[in-house]
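The values are calculated or read from the model by the stated rules, or taken from the named source; none is laboratory data. Bear in mind the structure is a predicted one, so any value in this text is a computation, not a measurement. Glycine gets a Cβ as well: all are built from the backbone with ideal geometry, and neighbour counts include every protein chain shown. The area values use the complete protein model at the heavy-atom level, side chains included, leaving out ligands, DNA and RNA. Shrake-Rupley method; radii C 1.70, N 1.55, O 1.52, S 1.80 Å.
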Amino acid sequence: MEITSRYNPSKIESKWNTIWEENATFVADAHSKKKPYTIVIPPPNVTGILTMGHVLNLTIQDILIRYKRMGGYEALWVPGTDHAGIATQVKIEEKLRKEGKDRKKMGRSAFLKEAWQWKEKFHERITAQMKRLGLSVDWSKERFTLDEGYSNAVFQVFKTLHKQGLIYKGKYIVNYCPRCKTVLSNDEIEHYEEDSYLWYIKYPLEDGGFITVATTRPETMLGDTGIAVNPGDKRYKDYVGRTAILPLLHRRIPIIKDRLVDPEFGSGAVKVTPAHDPIDFEIGKRHNLDAVIVIDEDGKINQNGGPYKGMDRFEAREKIVEDLQKLDMLEKKEPYTHSIGRCYRCGSVIEPELSTQWFVSMKDMAKSAKKVVQEGEIKFYLPRWKKVYNHWLDEVKDWVISRQLWWGHQMPVWYCKECNTEVVSKDKPEKCPKCGGKKFRQDPDVLDTWFSSWLWPFVVMGWDEKTDMLKKFFPTDTLVTGWDIIFLWVARMVMASLKFTGKIPFKNVYFTGMVRDEKRRKLSKSLGNSPDPIDLIDEYGADSVRMGMMLITPEGQDVIYSKSRIEIGRNLANKIWNAGRFILLNVVEGDKPNIEDISLETVDRWIISQTESTIKEVSNAIDNFRINDGARLLYDKFWHIFCDWYIEMVKPRIFGEDEYAKRSAISITLWVFDNFLKLLHPFMPFITEELWSYLPGKENLLTISEWPVLEKNLIDKQTEEKVEFLREVIDNIRNIRGEYKIDKKMKIPIYIKGDEDRKKLIKEELEWVSFLTGLGEIQKDINPNIVYASSVLKDIEIYVPLGELIDIKQEIKRQEKELQSIVQQSDIVRKRLNNREFLDKAPSDVLENAKDKLRFFEDKIEKINHHLTVLKSK
């Protein structure tokens, strides 16, 4: 059997990726009679490389799709990428700036040419990364959100919604990012509690005196067109109806009353800036206040800002405060913590801006989307996310879908240059339906990226052409995504699917946690804590990275990543390889995985029962989306049950002279290994496919083999209990050998007291028990003249005659010396923990480490004292 002594991931991964691709292994057949199982990939952005979050998300999807494929389903996993309008345009503009180029000077056509070149470069990089990870996607069905076919579907949806009056143009306060230079929806804003100030500004009254107004944004006072107080605030009863003078710009502004004013905020009087605050906009509409825009698209003060024109908004804030102080119009400022919205892409502070944009009316679609989740048509894992989902739908606002970008689906809206009539059309109209004019200009904005991706589950299936693929594989079965886009994407996909297909887009949604570092910070390049997954794959192998991530992933919670944790996966891969190599090197012609027509010993029935239980538990874990539990179960059962115990248990037979016993042991071991390779395959596809190819009688690929069939009659709890008892006996004898430093080469005699059936069981299984413990004879009597170490188990007591195995006096000296050393170390740690200064100043991890050390020393002291009592008993 030619199998290398060391596992070489890169060579094996390259080999099997090529074989799977050449055999079109993962291409799904829309005409298959098998039951379908479908996943559509959350499309990665064409902005760079995959992250550890992608690795987690994609690995979970691959586990599900491989599991279902092996379970007899026609499994389809559709890959694709997203054009990611804002993120991609920002990256391209950064590249152009480094080259000394300017987007606006280049023009739209030249910029888009650059963008498509960027897309090709990074699309190729991302797909190569996905292949390195071993993803069993159907590459023949790959989609991109700016593909021609996809774009046609986006247009059809826009046209339908516009015709129904659900897409409309309106002038409202929107969120604007001065750095990305585009509007954002409410759900694209990340809010942070930040420390700032509350400034109290005195506004002179036209008829004498002044009114004090509190604000967190002095720079926007340049656009004030009113002052408002709450109708029930008696302090300002005599102020309502009077006129104030705007400091610095000397504009006359009315004092009004409005229920939206919080009398507990600041002074109780607020400035009203309708063009730069959503609440002020509502107040302004009710009271017919002018809306004066004072901050431009670059985040600078415009011509309406008087002497502050051209200043950055935060520079203007400092200058305005300084000028107010000089004029004695700044009453005071006080520290104030409040929520500040930042762009989810670049982190810039968002500027509320009055702007004419395109919107989608959401309320009716939101009701339908809420209903299918409430009624259980769509299930969330974990169910707690239903509450978050429902709350958003209850409070949903109309969705601003226009973006001031060039990269994306340009608005399919044209304006007649003669009469300004709007025409919705994918291509330039031939003539104006109103005046017959033939000259048009297209709306320069593009659609929000999420407007294309909310159609993803059905458009990738060929919805616009009513394909066989759509008929077979839609609705899809499972969506795996992060909880952070439950609004941006999940809810919107449900809305769109119900609206345009009449069906739910998916049956299950599995929400992953965020991947964070050991300080619980989100992984990011700026913090230097975000590794390139390909570097990890190069170092450890894809299987190790995949399994390592699954083993550290708690269900529905954030994942705490560290490179050292990935080593868990690598260690398991090495264990699998070494176990496979040991088994295969002992295989001869005629051997095969088999448990039929073989005389089974107790340990054989035990491992068969354990294997069947593992099949049941792993299948149940995956079926119920407890995939992390399935990973940990496999790790424990393969490593600690199969390798650490069963393979060791059967070595006396494998290395023995009885040929029948040897061949039987190999057949059973092969059968167990065969099943574990199948169970491990969705988690670790490369190493399992490689080792499977070495197993006798395997002609097909593991990835299309059948998932192990559970045979409940082979689960034998009585035998499991017997072997668990014997393992406990072995552990106790090993502990005694280790604690009293008994020579490894020396056979240990024992005396057993207690239940006769237990004693009989030990004698019946003595061959392998002795092999694992170095056990000698079982004595008939206790020698009252020598020292014994004892261990109490269920129904029996085991005694080991130390007086026959070690020098008691020397062992007493050794243990007393060790005790003295540990007592000294424990005293040092205890002294630190009794030091108030240390307790007050030590970081929590240092404090916990000290407490753990003390507990360890105290346990050790207790154990040594017990040993000394035993040793001195004679």
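Numerical summary
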{"quantity": "Residues whose placed amide H lies under 5 Å from that of Y37, excluding near-sequence neighbours", "calculated": "E74, A75, L76"}
{"quantity": "Cut-off 19 Å, label 7 Å out along Cα→Cβ of H338, residues of the stretch 207-231 by amide N", "calculated": "211-231"}
{"quantity": "Sequence of D604, D827 from largest to smallest accessible area, 1.4 Å probe", "calculated": "D827, D604"}
{"quantity": "Accessible-area value, M746, 1.4 Å probe, nucleic acids and ligands omitted, Å²", "calculated": "70 Å²"}
{"quantity": "Stretch in the chain that is longest and holds no chymotrypsin sites (Phe, Trp or Tyr not before Pro) that DSSP places in a loop and that have at most 15 other beta carbons within 10 Å", "calculated": "266-654"}
{"quantity": "Alpha carbon centroid spacing (whole Å) that separates the stretch 837-874 from the stretch 180-244", "calculated": "62 Å"}
{"quantity": "Solvent exposure of the chain as accessible area per residue, Å², 1.4 Å probe", "calculated": "46 Å²"}
{"quantity": "Probe 1.4 Å - accessible area at E94, Å² to nearest ten", "calculated": "60 Å²"}
{"quantity": "The stretch 554-644 - percent relative contact order, Cα under 8 Å, separation 6 or more", "calculated": "34 percent"}
{"quantity": "Residue order for L585, L600, L447 - accessible surface, 1.4 angstrom probe, largest first", "calculated": "L585, L600, L447"}
{"quantity": "Gained length - I560 relative to N865, 0.36 nm times residue gap less alpha-carbon distance", "calculated": "105.8 nm"}
{"quantity": "Distant-in-sequence amide H partners of V174 (H built 1.01 Å from N, under 5 Å)", "calculated": "E353, L354, S355"}
{"quantity": "Span from the the stretch 376-392 Cα centroid across to the the stretch 1-51 one, whole angstrom", "calculated": "31 Å"}
{"quantity": "Solvent-accessible ranking of V709, V213, V27, largest area first, probe 1.4 Å", "calculated": "V709, V27, V213"}
{"quantity": "DSSP-defined beta bridges in the chain - what % are antiparallel, rounded to 5", "calculated": "70 percent"}
{"quantity": "Whichever aspartates and glutamates have a C-alpha closer than 17 Å to that of K68, once near sequence neighbours (fewer than 8 apart) are set aside", "calculated": "D29, D138, D477, E617, D623, E689, E706"}
{"quantity": "14 Å beta-carbon shell around M362, net charge (K/R +1, D/E -1)", "calculated": "0"}
{"quantity": "For S196, residues with placed amide H under 5 Å, excluding near neighbours", "calculated": "Y336, T337, H338"}
{"quantity": "Local electrostatic count at N735 - Lys and Arg +1, Asp and Glu -1, tallied over other residues with Cβ under 11 Å", "calculated": "0"}
{"quantity": "Extension gain from E331 to D636, taking 0.36 nm per residue of separation minus the Cα-Cα distance", "calculated": "103.0 nm"}
{"quantity": "Gained length - D597 relative to R179, 0.36 nm times residue gap less alpha-carbon distance", "calculated": "143.1 nm"}
{"quantity": "Computed helical MRE - 222 nm, the chain, DSSP H runs ≥ 4 contributing -39500 (n - 2.57), nearest 500", "calculated": "-13500 deg cm²/dmol"}
{"quantity": "Surface accessible to a 1.4 Å probe, R235 within the full protein complex, Å²", "calculated": "130 Å²"}
{"quantity": "Contact order normalised by residue count of the chain, Cα under 8 Å, 6+ apart, percent", "calculated": "12 percent"}
{"quantity": "Relative contact order (percent, whole number), the stretch 16-92, Cα cutoff 8 Å, 6+ residue spacing", "calculated": "44 percent"}
{"quantity": "Charge dipole of the chain about the Cα centre (unit charges at C-beta), most positive-ward option of M70, L691, I864", "calculated": "M70"}
{"quantity": "Local electrostatic count, G437, Cβ distance below 10 Å [Lys/Arg +1, Asp/Glu -1]", "calculated": "+4"}
